[in-house]
Every structure is written in structure tokens, then in C-alpha cells.
Amino acid sequence: MPPTITPHQHLELYRSMVLTRAVETAIERSHRAGRISGSFHSSLGQESCAAGVCAALRSTDAVTSNHRGHGHALAKGVTADAVLAELYKKTHGTSGGRGASMHLHDRSVGFYGETAIVGGGIPWAAGVAWAKKRAGTDDIAVSFGGDGAFANGVFGESLRLAKFWEAPCLFVCENNGWAHSMPVEKMFGPPGSITAMVRAMGIQAEHVDGRDVRAVHECASELVQYIRREGRPAFLECVVYRVRAHSINDADYRYRPKDDGRQWLDANDPIEASRRELDRALPGRAAEVDREIDEIVRRAVERAEAGRTPTPADAFKTVYASEGLEWHGSVEVR
């Protein structure tokens, strides 16, 4: 069945995808120029999953993410300014310049953060969902993770606990074909295999082709409605592809053809597919969005370049401790 969203809704999904693509491209360019240091895991080519799912959520819904999470942050409402400043390690970044690429967070828009621990965000989301239910709201939590994360034991444990708690949580697997250098088909089987495993546990589960952001959004919307209505967890497997290497320092050509990602993107780019559809339905509007996003990201890079770097004194700000372990203004070094 073809997607039923309106062209204007499609345009907003397109905007979200283009923003992520532009930010990821800017980060990659700055990293290669030596302006950004540290690890960087690009979600280029996977933008449809973050955009399609997060567009189905409220600002009060919670999202947890992984090491490849810039798109999740942006789609949930974190600004390009805050993301780029954090990558540049500047004080107006999401974590004040402390966290860099894998530790973005912004509770004000419901983005509960990334983690460098593979699968680490999955139990966070289950716990947040349970807490929201106990608080008497119908808000939900969403966990994004790759296929490698869903091969970890923590996924099965979190899923069983969420089922037992009847926690309103959507577990989203971005099946991008690779768990670092491990082909997903050797680990799980063809697309939909992870979904079948989850269904066998008696949990509502669907899989969707991530090349069409409209299909992703409609499938996610149906699952979100189910979760709010029933107060139970659900699962979505979004089939995308990891176009770039695992990280910017990974020589992925050692385990796959060097032009593998580029060939996939040339044939399957979800942004290009949306642009073609929008050019027919809303002539000229996609190009307007492209120009708007280019300017937003250009200015964000300029502000990140000019931003303030944290000082040693900043390390003592926003630090908290349990009662009885307060900071007394001095420390004994032995």
C-alpha cells in the first residue's frame, strides 16, 4: 500500500533528513581538515529512520541513542548549533563541550542521549518508559540501536523486562547491514529476521524499507499509537545501509569493496528519492529547503569555530553527587 501522508508532511520529513545529511557532511569536512578531533560515526544514508520515527513523537517522549546518533538528536529537536558546537568542544554545545560526538543530550526536547556502549541505550529507554507509565502519562520512550546492538544480551533482557512491566517503549533497530565488519546476514539472516525473533517473544514487531521515509513514518506512527493505546512495548526494524565506514578512522575497504557504500547511495539514497517525489508534488520547495539548511549549517559551523572553549574551572560546573559526598573545595592527592 503506498504511503498516505500529504506532500507537505513529506516536505517536513525531507527537511529533517537534509538537516542530518548537511550536519554529518559538515562534521566530516571539519574532521578531515583537523578542526574536529576524536571519533566520529556517520549516519549518512540512514537519515530516513531518525526522521520518520521522531516525526511520530511528542516533545515529551524520550529518545535514547547510540554512537551513531547525530541524526536521532537532530530529528528529536536538538539544534544544529548545539550539535556542531559539541563536536567542536565548545561551551554552547549540548554537553558544554565535554562529551563530543558520542555524548550528545538535551532533555529539553526529550533527547536522553547517546552512549558509546553498544546497546547501552536500550535498557535506558525501557526504564524511562516504565517511569513515564508510573508517573501516569501516556508518553513513551524510544531506543535507537544498530543491528550489532540487538545482537547483545542486553537487548533480550530489556525486551523481556519491558514486556513484563508493560512499559510503553519502542525499540528501533537500524539494520544498516554491518556490525562494524560483521555482515548482518551472517549474524541474523535476511532483513526481517530480527523482527521475526521479536515476534516469537509475543511482542508487536514490524520491519520497514528505510529507502522510503514516508513508509518509515507511517509504520512508526502506527506502532507509536499502539504503544500509547495498549501501554506495551513494540519493535521496529528499519532496513537502511551504512554508507560510510564504521568510524572515520576505519579502513572498511578491508572487508568490503571500497566503493560499496557509494554504489548503494547512488542507487538507493532516501533523500534523492524524496526529492524526486517532491519535485513532482511541490515544484521548487525541496530546493528551497536545501538552501535554507545549507545556510543554517554554515552559520552553525561559523559559531562553533568562534565559540568559547571550556576552561578547567568549567569542569566543576553541573557536577552532582550523592548526599554526604559534596565537594568541599579541596581534594587530597596522594
Can you work out ³J(HN,Hα) from phi for every residue in the stretch 113-122, in order, using Karplus 6.51 cos²θ - 1.76 cosθ + 1.60 and θ = phi - 60°, giving whole Hz and x for Gly and Pro?
-> x, 9, 8, 7, 7, 4, x, x, x, 5
Ordering His10, His180 by the accessible surface of their heavy atoms, 1.4 Å probe, largest first, yields His180, His10
Long-range amide H partners of His207, meaning residues 5 or more apart or on another chain whose placed amide H is closer than 5 Å, are Glu237
Output ³J(HN,Hα) for the stretch 199-214: one whole-Hz value per residue in order, computed from phi by the Karplus curve 6.51 cos²θ - 1.76 cosθ + 1.60 with θ = phi - 60°, and x for Gly and Pro.
-> 4, 5, 8, x, 10, 4, 8, 9, 10, 9, 7, x, 6, 10, 4, 5
Once both labels are modelled 7 Å past Cα along the beta-carbon direction, what's the Arg308-Gln9 spacing in nm?
-> 4.4 nm
For the stretch 183-279 the trypsin sites (Lys or Arg not before Pro) that pass both the DSSP coil test and the at-most-16 other-Cβ-within-10 Å test are Lys258
Cα-Cα over 20 Å: which of Lys89/Lys317; Lys90/Lys317; Lys163/Lys186; Lys76/Lys163; Lys132/Lys317?
-> Lys163/Lys186; Lys76/Lys163; Lys132/Lys317
Could you size up the charge dipole of the stretch 40-103 around its Cα centre, putting +1 on the beta carbon of Lys and Arg and -1 on that of Asp and Glu, and report it in debye to the nearest 20?
-> 160 debye
By residue number, which cysteines of the chain lack any other Cys whose Cβ falls under 4.7 Å from their Cβ?
-> Cys54, Cys169, Cys173, Cys219
For the chain, what is the per residue volume of the convex hull drawn over the alpha-carbon atoms, in cubic angstrom?
-> 162 Å³
³J(HN,Hα), Karplus 6.51/-1.76/1.60, whole Hz, each residue of the stretch 29-44, x for Gly, Pro = 5, 5, 5, 5, 7, x, 7, 10, 10, x, 6, 8, 10, 7, 9, 4
Of Tyr253, Tyr14, ordered by accessible area with the largest first and a 1.4 Å probe, the sequence is Tyr253, Tyr14
For Lys133, go through the aspartates and glutamates and keep the ones whose alpha-carbon is under 20 Å away, minus same-chain ones fewer than eight residues off.
-> Asp61, Glu157, Glu166, Glu222, Glu230
Going from most exposed to least, what order do Ile140, Ile5, Ile296 have by accessible area with a 1.4 Å probe?
-> Ile296, Ile5, Ile140
Remind me, relative contact order of the stretch 7-316 in percent, using alpha carbon pairs under 8 angstrom and six or more residues apart?
-> 24 percent
For the residue pair Met182 and Glu28, what label-to-label distance in nm results when each label sits 7 Å from Cα along the Cα-to-beta-carbon direction?
-> 2.6 nm
Between the modelled labels at Ala267 and Glu166 (7 Å from Cα along Cα→Cβ) the distance in nm is 4.7 nm
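The values are calculated or read from the model by the stated rules, or taken from the named source; none is laboratory data. Just so it is clear, the model here is predicted, and its values are computed rather than measured. Cβ coordinates were reconstructed from backbone atoms using ideal geometry, including for glycine residues, and neighbour counts include every protein chain displayed. Only protein heavy atoms, including side chains, enter the accessible area calculation; ligands, DNA and RNA are left aside. Shrake-Rupley method; radii C 1.70, N 1.55, O 1.52, S 1.80 Å.
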